[in-house]
1. Go through segment 36-53 and count every residue that is under 20 Å from the mean Cα position of the chain (by Cα) and either among the β-branched types (Val, Ile, Thr) or farther than 16 Å from residue 374 by Cα (or both).
2. With respect to residue 47, determine if the residue is in contact with a Gly (Cβ under 8 Å, 6 or more places away or on another chain), among the aliphatic types (A, V, I, L, M) and part of a helix (DSSP H, G or I).
3. If you take the residues in segment 280-309 that are modelled with pLDDT of 95 or more and assigned to a loop (DSSP other than H, G, I, E, B), which one is surrounded by the most Cβ atoms within 10 Å (Cβ to Cβ)?
4. State the number of residues belonging to segment 19-35 that are in a loop (DSSP other than H, G, I, E, B) and over 24 Å from the mean Cα position of the chain (by Cα).
5. Restricting to segment 385-396, what's the tally of residues that are under 17 Å from residue 354 (Cβ atoms) and in contact (Cβ under 8 Å) with a residue 12 or more places away in the chain?
6. So which residues in segment 70-87 are of a type outside the set (Gly, Ala, Ser) and modelled with pLDDT of 95 or more, if there are any at all?
7. Look through 8, 97, 81 and report the one residue that is among the aromatic types (Phe, Trp, Tyr), surrounded by 22 or more Cβ atoms within 10 Å (Cβ to Cβ) and touching a helix residue (DSSP H, G or I) at 6+ places or on another chain (Cβ under 9 Å).
8. What's the number of the condition residue 254 fails, among (1) crowded, with 20+ Cβ neighbours inside 10 Å; (2) polar (S, T, N, Q); (3) under 30 Å from residue 359 (Cα atoms); (4) out of contact with any Pro (no Cβ under 8 Å at 6 or more places or on another chain)?
Amino acid sequence: MDASPLSYWLASAPPFTGGAKGGVEGVADVAIIGGGFTGLSAALALARRGANVVLLEKGRVVGEASGRNGGQCNNGTAHDYGALSARFGKDIARAYYRAHVDAVDTVERLAREEGIDCSFHRPGRMKLAAKPAHYDKLVRAHDLLAAEVDENVRLVPPERISEEVGSDAFHGALIQTTSAQVHPGRFGVGLAQAAARAGAQIYENADVTDFQCVPQGWRVTSSRGTVTAKQLLVATGGAPATGPFGFFRRRIVSVGSFIIATEPLDDPLIDRLLPGRRNYVTSKNIGNYFRLAPDNRLIFGGRARFAISDPRSDQKSGHILVQTMGEMFPALKGVGIDHVWGGMVDLTADRLPRAGEQDGLYYSMGYSGHGVQMATHMGQQMARVMSGEPAANPWDGLDWPSVPGHFGKPWFLPLVGLWYKWQDVIH
């Protein structure tokens, strides 16, 4: 497959021109580790509040999960709302659901306020029933959501699915109508430029090798120098495999998600296959997600293999995705593939985000596939928490035990993949 291994979103984003020059040194009010959506959003909010902010990013801003995802910005959680209600009660389940709704609003607000050209719009998200029995579950989910937490949902019965998707693979759908799309590469670079304009010092290629609690706060050592800060926010997403992140490594499981981008498609073909131009996700455990890019490419992804993302794994997964896309949409067999890439999704054991303070260290991560909106939102919320508003954290109070037997390398991913494949067969 002769395709670029670079994320389409990163390849089509403008360069970040606001990076700090020279070495890292001196003192700051806040140091932030990680230049993805969480760190950049927090840096912007804190700098707007007058804080002296230093952000340290190992590579390029939004170069990892924030720039390597499917570009979907969806309302709703990674969970069945009914399961959340059963576990936590209706009030907490409703609050968790509303946090995701607020997160999409945060992305829209920041794009508007900062003038970020990122193609934000709200075509809605469609969950497609991959089996007839799955539609029955969607009907029950719709009824509960509409009654308790979200009026912006509607059903597409099996006999009308052809009006929304030109494929014989699906048996009805549930639409959440206010979910959004965004160009994550352009949005992330826009956030970085806005944070730099507000006064945040953003250092790329600054790999953090150590941080220590000192009387003045935290001493943070990176490959570009050392800074001492009163407060420290870890916004790394999946915990780095090396360095002083052991607490997070035992609690975050990073799994690869893989994506292909086709060549631009003609409007008549799109009108036949995906006339609503929505966000789409299938109902299987090992399913797929897809949407159109602003230039009419189909962005088609999924956990094609339960493995980490690396060049070899990305290429293997790309071939699987091309085959799956062709089976789902026969009209796309043979279409050109311009980009094949992978990224790491940081999962918690229960797929709920975690944010708060651990021994004086602030953190926010574990968005479990909803990071475009939730990472952006939590950067804003953690800025409030760090400024003395603890109630701004919607995930405050959630216990976060370590994953048994997990010390950083997810050796159990193939077993998890087999389990989910079996569940897709029997359910």
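The values are calculated or read from the model by the stated rules, or taken from the named source; none is laboratory data. Every value quoted in this text rests on a predicted model; they were computed, and no experiment measured them. Cβ placement follows ideal geometry from the backbone for every residue including glycine, while neighbour counts extend to all protein chains displayed.
1. 1
2. So residue 47 passes the test.
3. The qualifying residue surrounded by the most Cβ atoms within 10 Å (Cβ to Cβ) is 297.
4. Restricting attention to segment 19-35, the residues satisfying the condition of being in a loop (DSSP other than H, G, I, E, B) are 19-23, 25-26, 34-35.
Narrowing further to those that are over 24 Å from the mean Cα position of the chain (by Cα): 20-23, 25-26.
Number of matching residues: 6.
5. Within segment 385-396, residues that are under 17 Å from residue 354 (Cβ atoms) and in contact (Cβ under 8 Å) with a residue 12 or more places away in the chain number 6.
6. 72, 73, 74
7. On the way: 97 fails: surrounded by 22 or more Cβ atoms within 10 Å (Cβ to Cβ); 81 fails: surrounded by 22 or more Cβ atoms within 10 Å (Cβ to Cβ).
After applying the criteria, what remains is 8.
8. That leaves (4) as the condition not met.
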